[in-house]
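Peer 1: My structure is below; once you've seen it, I'll send some questions.
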Amino acid sequence: MNFPRIALQVPRILLPAANIDMHKWAVIACDQYTSDLQYWNDLAKFVGSAPSTLKMTLPEVYLEDPDVESRIEHINANMHACMQDGTLVEHEPAFVLVERSTAIVPQRKGLMVALDLECYDYNQGAHSLIRATEGTIMDRLPPRIKVRRNAPLELPHIMVLIDDPHKTVIEPLFDAKLKQIYNFYLYGAGGHLNGYLVDDPKLHQQVVQALDVLADPQVYQRKYPGHEDVMLYAMGDGNHSFATAKALWEEIKRGASDPDAVMEHPARYALVELVNIHDSGLEFEAIHRVLFNVDVDDLRQELQRFFSADNMEFELEPQADADACLTAMSAAEGESDHCCGCVLSGSYYLLRIRNPHKTLAVGSLQEFLDGYLARHEDVRIDYIHGVQSVTQIGSRPVCAGFYLPSISKHDFFRTIVQDGALPRKTFSMGEADEKRFYLEGRTIIENP
């Protein structure tokens, strides 16, 4: 069942059979713990020989390993096996209502749906119904494209936001009598997950009607005066995975012999979890930066040189530790200065930029880092969600870490509508362990 006006499909979702150990099946998104190989080694030992999405995804911690190609081959083989041996069972068209709890939030609500990639454009300045909210890093797509190109199914960690202040789309479903299809604790500090099957066509129509209202041009223009092109869906987590799905869909269209028939191809859609940005269980966290193999003295000099140009002023204010950095950043909130903390081989500072040219502190820092990395090809960057990991890495010799402030979720949609996509890796929807775990799947090839 497709609803083109709101780019929505009620998907045929693949779920593990009743005999599958869900605790081992569901694993965290591939772009978490990217500098923590021990986490993934421990997870592999825990999973052992059990069926698991770990065997059907490529954690980014392994992207630089020489055996990446063989890993991708094993991923695709494991996907085919799970579809053929009864591990995965396809359901009739339905949404899945998701209820997640963690040590940080008691409840976060979501709805598994499929979105039409024809209505998505990740290019800067796009005015599509589905929009990227951060800059897409194009060199992150090729390894993901390799995984998806020959994959018979998708296992998403994508979370897409809707701006629904009156809570009309997802929340009313919790009042319906739904069949519970899973109820289990996630690995590590991932918390607990409940899932409910939304297979009643009347409830599908209820969701569609509520989204129709949010997408109504007149309603939208009252909310965002002067902006005629409706943005109904904004990427939350998994921007690069969604961009990968889009890239492969365009590739499939280019190779099709029948341009009309190809529009019915299952890869036209991508499975995602919808989340209301007004959900009390959703919090935005900053994404921090760490550098490896860096000459700290040279980094200090280049920071000074870069941020002292073009009428900007720059100071590195010494701090006692990471907590002092965070306290100083918090105290600077609301000021016109851009402030972020940094740890340079174990020494702590508040990086203060006066008269910045960018709107956000992350934009100021990223502009510097882009140029610095281009001039120092031996330096590697990683994007980290947890303050503790930044401190640990930045305390090592020839390493640096930057602590960044978070942005307000309440101004998020308005900022994207008015200013366009944010600098890449600006925000995170919660801490690493709050990220979506792989669980539900969907077939993306014809005649599997």
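The values are calculated or read from the model by the stated rules, or taken from the named source; none is laboratory data. Keep in mind the model is a prediction, meaning the values are calculated, not measured. A quick note on method: Cβ atoms are made from the backbone with ideal geometry, for glycine too, and the neighbour counts reach across all protein chains shown.
Here's the yes/no breakdown for (1) buried (at least 19 other Cβ atoms within 10 Å of the Cβ); (2) on the phi < 0 side of the Ramachandran plot:
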{"site": "Asp163", "(1), (2)": "yes, yes"}
{"site": "Lys167", "(1), (2)": "no, no"}
{"site": "Ile170", "(1), (2)": "yes, yes"}
{"site": "Leu193", "(1), (2)": "yes, yes"}
{"site": "Asp199", "(1), (2)": "no, yes"}
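Peer 1: With the requirement that a residue be buried (at least 21 other Cβ atoms within 10 Å of the Cβ) and part of a loop (DSSP other than H, G, I, E, B), what does region 436-448 give you?
Peer 2: Arg436, Leu439, Glu440, Ile444
Peer 1: Could you pull out the residue among Pro156, Pro142 that is at pLDDT below 95, within 18 Å of the chain's Cα centre (by Cα), over 17 Å from Leu282 (Cβ atoms) and not in a loop (DSSP other than H, G, I, E, B)?
Peer 2: Values: Pro156 fails: not in a loop (DSSP other than H, G, I, E, B).
Pro142 is the lone residue from the list that is at pLDDT below 95, within 18 Å of the chain's Cα centre (by Cα), over 17 Å from Leu282 (Cβ atoms) and not in a loop (DSSP other than H, G, I, E, B).
Peer 1: Say we look at region 172-191 and pick out the residues that are touching a residue at least 60 places away in the same chain (Cβ under 8 Å) and surrounded by fewer than 14 Cβ atoms within 10 Å (Cβ to Cβ); which of these is nearest to Leu111 (Cα to Cα)?
Peer 2: Looking at the filtered set, the residue picked out is Phe174.
Peer 1: How many of the residues making up region 260-319 are without any contact (Cβ under 8 Å) to a residue 24 or more places away in the chain, under 29 Å from Leu365 (Cα atoms) and small (Gly, Ala, Ser)?
Peer 2: 2
Peer 1: So is Phe368 more than 12 Å from His288 (Cα to Cα) and modelled with pLDDT of 90 or more or not?
Peer 2: Spelling it out, Phe368 is indeed more than 12 Å from His288 (Cα to Cα) and modelled with pLDDT of 90 or more.
Peer 1: If you don't mind, another one. Is at least one residue of region 372-391 at positive phi and surrounded by fewer than 22 Cβ atoms within 10 Å (Cβ to Cβ)?
Peer 2: no
Peer 1: OK, next. Filter region 315-338 down to the residues that are within 16 Å of Gln388 (Cβ to Cβ) and acidic (Asp, Glu) and list them by number.
Peer 2: Asp321, Asp323
Peer 1: Under 6 Å by Cβ, and 6 or more places apart or on different chains, what pairs join a residue from region 217-240 that is farther than 21 Å from Thr168 by Cβ with one that is loosely packed, with under 15 Cβ neighbours inside 10 Å?
Peer 2: Cβ pairs passing all conditions: Asp229/His127.
Peer 1: For residues that are touching a His at 6+ places or on another chain (Cβ under 7 Å) and closer than 27 Å to Asn76 by Cα, tally how many sit in region 405-448.
Peer 2: Residues meeting the conditions: 5.
Peer 1: Let me ask something else about it. Name every residue in region 52-98 that is touching a helix residue (DSSP H, G or I) at 6+ places or on another chain (Cβ under 6 Å), over 28 Å from Val275 (Cα atoms) and part of a loop (DSSP other than H, G, I, E, B), in order of residue number.
Peer 2: Listed by number, the list holds a single entry, Leu63.
Peer 1: A further question follows. Looking at region 243-279 only, could you name the residues that are among the charged types (D, E, K, R) and outside any strand (DSSP E or B)?
Peer 2: Taking region 243-279 and keeping what is among the charged types (D, E, K, R), we get 246, 250-251, 253-254, 258, 260, 264, 268, 273, 279.
Of everything in region 243-279, those that are among the charged types (D, E, K, R) and outside any strand (DSSP E or B) turn out to be Lys246, Glu250, Glu251, Lys253, Arg254, Asp258, Asp260, Glu264, Arg268, Asp279.
Peer 1: Name the single residue, out of those in region 355-371 being exposed (fewer than 15 other Cβ atoms within 10 Å of the Cβ) and touching an Asp or Glu at 6+ places or on another chain (Cβ under 8 Å), that is farthest from Asp237 (Cα to Cα). Before the answer, list the steps.
Peer 2: To start, the set of residues in region 355-371 that are exposed (fewer than 15 other Cβ atoms within 10 Å of the Cβ) comprises 355, 357-359, 370-371.
Within this subset, residues satisfying the condition of being touching an Asp or Glu at 6+ places or on another chain (Cβ under 8 Å) are 355, 357-359.
Details: Asn355: 31, His357: 27, Lys358: 24, Thr359: 22 Å.
Filtering first and then ranking leaves Asn355.
Peer 1: Look at Thr57 and say whether it is under 21 Å from Leu14 (Cβ atoms), in contact with a Pro (Cβ under 6 Å, 6 or more places away or on another chain) and not charged (D, E, K, R). Full working, then the answer.
Peer 2: On the way: under 21 Å from Leu14 (Cβ atoms): yes; in contact with a Pro (Cβ under 6 Å, 6 or more places away or on another chain): no; not charged (D, E, K, R): yes.
The answer is no for Thr57.
Peer 1: How many residues does region 160-195 hold that are under 25 Å from Val47 (Cα atoms) and either among the aliphatic types (A, V, I, L, M) or in a strand (DSSP E or B) (or both)?
Peer 2: Qualifying residue count, region 160-195: 12.
Peer 1: Name the one entry in Arg268, Arg289 that is at pLDDT 95 or above, within 30 Å of Val379 (Cα to Cα) and touching a strand residue (DSSP E or B) at 6+ places or on another chain (Cβ under 7 Å). Please lay out each step first, then the result.
Peer 2: Working: Arg268 fails: within 30 Å of Val379 (Cα to Cα).
So the residue among Arg268, Arg289 that is at pLDDT 95 or above, within 30 Å of Val379 (Cα to Cα) and touching a strand residue (DSSP E or B) at 6+ places or on another chain (Cβ under 7 Å) is Arg289.
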